[in-house]
Amino acid sequence: MSKHIEKLKKQLIEISEVVNSFRSEAVQVRVVDKLLEALLESEKTDGEGVELFTKRGYRQRAESENGVYLNGSSRLGKKPGATKVLNQLLSTDFFDVPHSISSIAEYCKENFDSEFKTSELSGILLKLANENKLRRERSNENNRFEYVRV
């Protein structure tokens, strides 16, 4: 690592005269940013081929082969949100028969491994009903709303 720092220091000394010739600090920062961006592009990976930095210098999550990031989190851990799941259900035959909010939540839990509260689903279902994608009907059995495809 110190070898890279020494190399960078040497390169900065070489370009400092050119950079300092600009009067505007904003221009100086922009020039240095472009130079560092080009440097990072040329030396983008470390010895193992794992990408460490983006062009802005922020540390990226280095990912191992099994899909787990080196910091321990998983890229597979993030589940789709309620809107995405309900839109996926719209593209299937699920809403061909009426379903209550609780049955929709239970179906999402079983089939999408996503646990949604009925309060999370109700607003989205109402929006889909207002967009005429679903029809909202009161059930005669329990006086609750059920949702069915239009």
Fill in the blank from the handout: Rounded to the nearest whole number, the Stokes-Einstein translational diffusion coefficient of segment 72-150 at 4 °C and 1.567 mPa s (Kirkwood radius, C-alpha pairs) in µm²/s is 99 µm²/s
Practice task
Count neighbours as other Cβ atoms within 10 Å of each site's Cβ, and list the GluC sites (Glu not before Pro) in segment 96-146 that are DSSP loop with at most 10 such neighbours.
Solution key: GLU131, GLU141
Problem - Whole-number D in µm²/s for segment 103-147 (Stokes-Einstein; Kirkwood sum over Cα pairs; 20 °C, 1.002 mPa s) - result: 190 µm²/s
Fill in the blank from the handout: Heavy-atom accessible area of GLU17, protein chains in place, probe 1.4 angstrom, given in Å² to nearest 10, is 150 Å²
Exercise for the section: Report the label-to-label distance for LYS109 and ARG149 in nanometres (one decimal), using points 7 Å from each Cα along the Cα→Cβ vector. Expected result: 2.6 nm
Fill in the blank from the handout: Judged on accessible area alone, 1.4 Å probe, highest first, SER114, SER16 line up as SER16, SER114
Fill in the blank from the handout: Listed by chain and number, the lysines with an alpha carbon less than 22 angstrom from that of LYS133, same-chain partners under 8 positions apart left out, are LYS84, LYS117
Completion exercise
Per residue, accessible area of segment 93-138 with a 1.4 Å probe, heavy atoms of protein chains only, in Å², comes to 63 Å²
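The values are calculated or read from the model by the stated rules, or taken from the named source; none is laboratory data. Predicted, not measured: the structure shown is a model, and the values here were computed from it. When we count neighbours, we look across all protein chains shown, and the Cβ atoms used for this are built from the backbone with ideal geometry, even at glycine. Side chains are part of the model used for accessible areas, which takes the heavy atoms of the whole protein and leaves out ligands, DNA and RNA. Shrake-Rupley method; radii C 1.70, N 1.55, O 1.52, S 1.80 Å.
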